[in-house]
Amino acid sequence: MLSRVYSGAVYGVNAYAVEIEVNAGRGDSQFVIVGLPDAAVRESKDRVWTAMNNSGFRPTLGRTTINLAPADIKKEGPVYDLPIAAGLLAATGEAEMPHLDQYALIGELALSGEIRRVRGVLPVTLEMRRQGKRGILVPADNAEEAAVAEGIDVYPVRHLREAIDFLSGKLQLEPFRIDLADLVERERQHTDDFADVKGQETAKRAIEVAVSGGHNILMIGSPGAGKTMLARRIASILPELTLEEALEATRIHSVAGTLKSHQALVLHRPFRAPHHTISDAGLLGGGTHPLPGEVSLAHRGVLFLDELPEFHRNVLEVLRQPLEDGHVTISRAVATLDFPSQFMLVAAMNPCPCGYAGDPKRECRCTSTKIQAYRNRISGPLLDRIDIHIEVPPVRYHDLTSLGQGESSVAIRARVAVCRTRQRERFRQLPRVTCNAGMSAREVQSFCALGSDAAELLKLAMSELNFSARAYDRIVKVARTIADMAEADTIGANHVSEAIQYRSLDRLMWV
């Protein structure tokens, strides 16, 4: 007897439908899975058989063939356990499920018959909705994640017996619903706040400029100056995620398996801070079965690289493509995958190996050769892609002991939102560009009109400081952001002057 069950598989951050055909015939007991299954899929026959027996089912199996279509794409992971079990029970006549083809199923089976959570449920649910399925059965721990996809009924199930009884009509289940508006209202509370930062007014101004225009930023300062503290609060002043952006981020984290149990959406801007020992595959993504890396997990949020020169040179160099293109392409012999990676790069480093070059209180023990070698670990092309470089000096005792609090993240975020709104209006005909940092060279010419004084000042700076052509564009973009913050249509000399301050460190330190 032949049965058909529908499920889905993840490809990159998207999903495609998988049709599972189960043919249970007579003859010697033999269990064959075809359709390019990996080891985890091939092993499912043992999990499924034991789970069915422990759930009270006693199917009589002869020669059984299971085909996972399309057969030319590799099937990975234990996500097919539940649909294979349902197909076997339908094919052997152990359970009558007349509407099985109207539902999709996904889930891993424990030997007891319990259904365990799996990766990639959200993109699979979205694909099943596109395919016109009436509903989808998912592990109970994935219910909130799947319910984000409105327009398809989501049924959380905890046990194989529960799933089969529902599909057989013996058990009634209510579709799982979530109130997205209420969820957003309850969950969007940041624990880190700029009000906790003592002093560092210059650094906070530079960070506000960076966030307002979506610019990458590098902070240079001695240990204990507060670089990490500042970086961890940057996500709290970024504009709130829109629902579309939250879905994008959630799809990536769903595929990577980083969503927490019962987590519905990624509602906060992601903040990723990988250790400096990370490999290039860990940063960009990849592996035998390619998964998103840190640059994709930081999509729509912040990627923080602390102790920047300590990262391996090849790891830093692979950042250049995602910084420029906003996505990562991973090529393998059998497939080419594309992962989104639009993030704000925030980097921090010491001025020298010991960390105290230029410190007014501590003596630096490094030779000039060591300092230069340390700074040269960051290549010029990568440095050119970081729009803003600032020094973060040690906090003064007076600032540390002051009783007053700094400006809150809520107040700063409100100004950032106004500035971002101005930019969206400017780029309304260019959906690819969402903020000033995303402008191409041609768009810089179109949208960044310089006043005569500003043009003369920039010409002098290019000549005297020997900036590269890419640095020129970066200065103009930052100046455009500063002008937007001041609600000025034309970029003035004062805007260019401040922008040059944020670029001069690469020539003062990397000579």
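The values are calculated or read from the model by the stated rules, or taken from the named source; none is laboratory data. Because the structure is a prediction, the values reported are computed rather than measured. Using ideal geometry, Cβ is built from the backbone for each residue, glycine included, and neighbour counts are taken over all protein chains shown. We work out accessible area using only protein heavy atoms, side chains counted, and drop any ligands, DNA or RNA first. Shrake-Rupley method; radii C 1.70, N 1.55, O 1.52, S 1.80 Å.
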Just to be sure I understand the model, the point goes 7 Å from the Cα along the line to the Cβ. What's the resulting GLU310 to GLN501 distance in nm? 3.0
Points 7 angstrom from Cα along the Cβ direction at THR65 and THR434: gap in nanometres? 4.8
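Can you tell me the FRET efficiency between ARG415 and SER331 if r is taken as the Cβ-Cβ distance and R0 is 35 Å, rounded to the nearest 0.05? Numbers along the way, then the final one.
Working: r = 42 Å, r/R0 = 1.21.
Calculated transfer efficiency: 0.25.
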What does a probe at HIS99 reach in segment 149-163, counting residues whose amide N is under 11 Å from the point 7 Å along Cα→Cβ? none
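Report the gain in length on full extension from GLU240 to LYS260: 0.36 nm times residue separation, minus Cα-Cα distance, nm rounded to one decimal. Could the numbers behind the result be given before it?
Working: separation 20, 0.36 × 20 = 7.20 nm, distance 2.06 nm.
Contour length minus Cα-Cα distance gives 5.1 nm.
Less than 11 Å Cβ to Cβ from VAL10, Lys/Arg counted +1 and Asp/Glu -1: what total charge do the surrounding residues give? Don't skip to the end; give the middle numbers.
Details: positive: LYS75, ARG119, ARG251; negative: GLU76, GLU127.
Here the count lands on +1.
With a Förster radius of 45 Å, plug the Cβ-Cβ distance of GLU324 and SER112 into 1/(1 + (r/R0)^6) and report the FRET value to the nearest 0.05.
Working: r = 50 Å, r/R0 = 1.12.
It comes to 0.35.
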With no solvent and one point on each alpha carbon, what is the Debye value of log10 I(q)/I(0) for the chain at q = 0.10 Å⁻¹? -0.84
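Compute the Cα gyration tensor for segment 21-104, then decide on rounded, prolate or oblate, letting a ≥ b ≥ c be the square roots of its eigenvalues: rounded whenever a/c is under 1.5, prolate when a/b is larger than b/c in the other cases, and oblate in all that remain. Intermediate values should be presented prior to the final figure.
Details: a/c = 1.45, a/b = 1.29, b/c = 1.12.
Since a/c stays below 1.5, the shape of segment 21-104 is classed as rounded.
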Charge dipole of the chain about the Cα centre (unit charges at C-beta), most positive-ward option of LEU267, ALA225, ALA210: ALA225
Figure the gain on full extension for GLU150 and ARG470 (residue separation times 0.36 nm, minus the Cα-Cα span) and round it to one decimal in nm. 110.8 nm
Straight-distance crosslink candidates among lysines, where the alpha carbon sits under 30 Å from LYS45 and sequence neighbours closer than 8 are dropped: LYS74, LYS75, LYS133, LYS170, LYS260
Can you give the percent of C-alpha pairs in segment 144-244 whose distance is more than 24 Å? 51
Potential lengthening between ASN376 and LEU460 on full extension [0.36 nm per residue; Cα-Cα distance subtracted]: 27.6 nm
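Using a Förster distance of 56 angstrom, determine the FRET efficiency expected from the C-beta separation of THR50 and GLU317, and round it to 0.05. Before the final figure, lay out the partial values.
Values: r = 49 Å, r/R0 = 0.87.
E between THR50 and GLU317, to the nearest 0.05, is 0.70.
Rounded to the nearest 500, what is the 222 nm mean residue ellipticity of the chain from helices alone, with -39500 (n - 2.57) per DSSP H run of 4+ residues and division by all residues? Kindly include the intermediate steps, with their values, before the conclusion.
Values: 23 runs with 199 residues, N = 511.
Using -39500 (n - 2.57) per qualifying helix, the result is -11000 deg cm²/dmol.
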Taking only protein heavy atoms into account and a 1.4 Å probe, give the accessible area per residue of the chain in Å². 45
Compute the orientation-averaged projected area for segment 273-366 from the convex hull of its Cα atoms and round it to one decimal in nm². 7.0
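Report in % the part of the accessible area of the chain that belongs to carbon and sulfur, leaving out ligands and nucleic acids; probe 1.4 Å. Before the final figure, lay out each step's value.
On the way: 11130 of 22910 Å².
Ligands and nucleic acids excluded, carbon and sulfur reach 49 percent.
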A correct Karplus calculation of ³J(HN,Hα) over segment 201-218, with 6.51 cos²θ - 1.76 cosθ + 1.60, θ = phi - 60°, whole Hz and x for Gly and Pro, returns 5, 5, 5, 5, 5, 4, 5, 4, 4, 4, 5, 4, x, x, 8, 6, 9, 10
